[in-house]
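The values are calculated or read from the model by the stated rules, or taken from the named source; none is laboratory data. The structure displayed is predicted, hence computed values, not measured ones. Because the Cβ atoms are built from the backbone with ideal geometry, glycine has one as well, and the counts that use them run over all protein chains shown. With ligands, DNA and RNA removed, areas are computed over all heavy atoms of the protein, side chains included. Shrake-Rupley method; radii C 1.70, N 1.55, O 1.52, S 1.80 Å.
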Amino acid sequence: MSHIVIIGAGECGARAAFALRERNFEGQITLVGAEEHLPYERPPLSKDALLNRLEPKLVSDAARYADAGIEVLTGLSVESIDPAGKTARLSDGEILAYDRLLLTTGARPRPFPGLSGANHRIRTLRTHSDAVAIRAGLQPGAHLAIIGGGFIGLELAATARKLGARVTLVEGLPRILSRGVPAELSAVVAARHKAEGVEILCGVTIQELSEGPDDARIFTEDGRTIVADLIVVGIGAVPNVELARDAGLVIDNGIAVDAHLRTSDPDIFAAGDCCSFPLPHYGGRRVRLEAWRNAQDQGTLAAANLLGTEEAVSAVPWFWSDQYDLTLQIAGIADGATQAVWRHVAEDAFILFHLDADGRLIAASGIGPGNSVARDIRLAEMMIAARVRPDPVALAAPGTKLKTLLAA
Amino acid sequence: MSNWVEVCATDEIDEEDVIRFDHAGRTFAVYRSPDDEFFATDGLCTHEKIHLAEGLVMDDIIECPKHNGRFSYKTGEAKGAPVCVNLKTYPVKIEGGTVFISVA
């Protein structure tokens, strides 16, 4: 094998490129990305990138790509893939021949239904340039309206308050963070936002958005009009599957891959936000994860499998969110839990352990200031991977060192 | 020239665990390995300046609590993404049941 092409230059693609070299691949590596920047970390975009980090936080600087012999083509997209001829056509007309291909095309913000074209006062947040544009609109006293009470919207709300903006957040469901976060944790988050002066409106259906020269407006179904200087829509993401679909690959809520991250074409793999894969520990159900660490883990794993390792996905899903001084961390997937065990960590920090009917730990969700729950969540993740059935009484007892339950 | 600073009593650090130690405006992480040896490194992760003492010690690895960057706390070696810059390590000595580190 002499040439591996990676399409999509985010966290996952960059990680995969370096991991190929770490595994002593000596052939050619080409990493293609549509953005003008070298691969950068996206988590800061809703936080530091709006406050004090004006340049993207690069995954690696240019010198490390050069040292590793990784060719990075920025500002170029791939227009088509020919799986039979094993080539990819770039937006500048160049044709890249590959021996194996990795798709790390990521996801893009889900657009607000019916909203079209370029809007200046109605935006989404996914890229560094999105963050730059939003930052420009967040002067002290400006009114920011956020649509969607998920991680992006809430992190943006916290950052906007730090910048002195007035913030209204509109969520269609009865509570914020209803996807994947237990109600006990979302209540803590909601209370904190209210204490910081964010107006949170739940259960509100939006009828229409409009943009004028001086403001942007949300019209709700119950007859309210919210007038803002800037609206940011954070209602989830859709995987970038078009390239794969047009190449004839199987799509199933993302580019469908097997446990080795291989698509329906044996020489094409996919990893990160763009792919759906069978999740171990949860009966092999097909999921798609939009998370930073998943991007890293799958990039690393895809590199191994591109080189013929045949190693299956084994990571337990894990993600976090930072808002104000609060950090929320979740390991595993709580769907299917029949019992939740509360563990007191500190006055303002706790963890919920989610057990299934067999008493197996399948998820843990924690929240607290700083990294107060981090160590225990990490241990919970290891317990989930080890499929242990911990004693609920021991889990709840603050004096129990979770390390001692790993072998349970 | 070494500059030995008293950290704590040996029994204040559990085996396979870590504590934070602040001294003269600097912050360190001091470890006790599963085989009962003591080590010291800079206290902050080289990725995003998070206190490593809130992380998890597993064998000779310290894992950052924020993004799971891993280092050998014995050598300071960064063990892969997201960390690529090694941790600085410091000499440790035990005298009369007390842990000292050399911060010079």
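Below are the figures for this structure:
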{"read-out": "Portion, in percent, of the accessible area of chain A that falls on carbon or sulfur, probe 1.4 Å", "value": "50"}
{"read-out": "Amide H partners (placed H, <5 Å) of residue A:254, local residues excluded", "value": "none"}
{"read-out": "Positive-pole candidate from A:340, A:291, A:308, dipole of the stretch A:286-371, charges at beta carbon", "value": "A:308"}
{"read-out": "Residue A:251 accessible area, assembled protein chains, probe 1.4 Å, Å²", "value": "60"}
{"read-out": "Fraction of antiparallel bridges per DSSP, the protein assembly as shown only, in percent to nearest 5", "value": "70"}
{"read-out": "Rounded, prolate or oblate (a/c below 1.5 giving rounded, otherwise prolate when a/b exceeds b/c) for the stretch A:302-390 by Cα gyration tensor", "value": "oblate"}
{"read-out": "Most mobile of A:192, A:224, A:262 in a GNM of chain A (Cα contacts under 10 Å)", "value": "A:224"}
{"read-out": "Among the listed pairs A:403/B:79; A:57/A:162; A:401/B:79; A:162/A:403; A:57/A:403; B:49/B:93, those beyond 29 Å (Cα-Cα)", "value": "A:162/A:403; A:57/A:403"}
{"read-out": "Sum of side-chain charges, residue A:220 neighbourhood, beta-carbon under 14 Å (Lys, Arg +1; Asp, Glu -1)", "value": "-3"}
{"read-out": "Efficiency of FRET between residue A:195 and residue B:58 - r from beta-carbon atoms, R0 35 angstrom, step 0.05", "value": "0.40"}
{"read-out": "Diffusion constant of the stretch A:122-233 at 25 °C, which comes from Stokes-Einstein with the Kirkwood Cα-pair radius and 0.890 mPa s, µm²/s", "value": "174"}
{"read-out": "Average Cα contact separation per residue, the stretch A:72-155, under 8 Å, 6 or more apart, as relative contact order %", "value": "13"}
{"read-out": "Simple label model, 7 Å out from Cα along Cβ direction - residue A:58 to residue A:360, nm", "value": "4.4"}
{"read-out": "The protein assembly as shown: calculated mean residue ellipticity at 222 nm from DSSP helix runs of at least 4, using -39500 (n - 2.57)", "value": "-5500 deg cm²/dmol"}
{"read-out": "Radius, Kirkwood style, for the protein assembly as shown when every pair of distinct Cα atoms is counted (Å)", "value": "24.5"}
{"read-out": "Calculated P(r) of the stretch A:252-352 - Cα pairs past 17 Å, %", "value": "57"}
{"read-out": "Cut-off 20 Å (backbone N to label point 7 Å along Cα→Cβ of residue A:68), residues of the stretch B:62-82", "value": "B:64, B:67-72, B:77-82"}
{"read-out": "Inter-centroid distance (Cα atoms) of the stretch A:131-207 relative to the stretch A:323-351, Å", "value": "20"}
{"read-out": "Ellipsoid equivalent to the stretch A:276-315 - semi-axes via the Cα gyration tensor, in Å", "value": "17, 13, 7"}
{"read-out": "Axial C-alpha extent at least 30 Å, average Kyte-Doolittle at least -1.0 - helices from chain A (DSSP)", "value": "none"}
{"read-out": "The stretch A:222-302, dipole about Cα centre (Lys/Arg Cβ +1, Asp/Glu Cβ -1), debye to the nearest 20", "value": "260"}
{"read-out": "Cα-Cα pairs of chain B separated by more than 19 Å (percent)", "value": "35"}
{"read-out": "Spacing of the two label points (7 Å from each Cα toward its C-beta) at residue A:37 and residue A:116, in nm", "value": "3.2"}
{"read-out": "Cα-projected label distance for residue B:104 with residue A:389, points at 7 Å along beta-carbon direction, nm", "value": "5.9"}
{"read-out": "Residue-span extension gain [residue A:225 to residue A:344] - 0.36 nm each, minus C-alpha spacing", "value": "38.6 nm"}
{"read-out": "Max mean-square fluctuation residue, GNM over chain A, Cα-Cα springs under 10 Å, options A:167, A:32, A:181", "value": "A:181"}
{"read-out": "Assigned charges on the beta-carbon of Lys, Arg, Asp, Glu; chain A dipole about Cα centre (debye)", "value": "960"}
{"read-out": "Among A:123, A:23, A:360, residue whose mean-square fluctuation peaks in a GNM of chain A (springs only between Cα atoms under 10 Å)", "value": "A:23"}
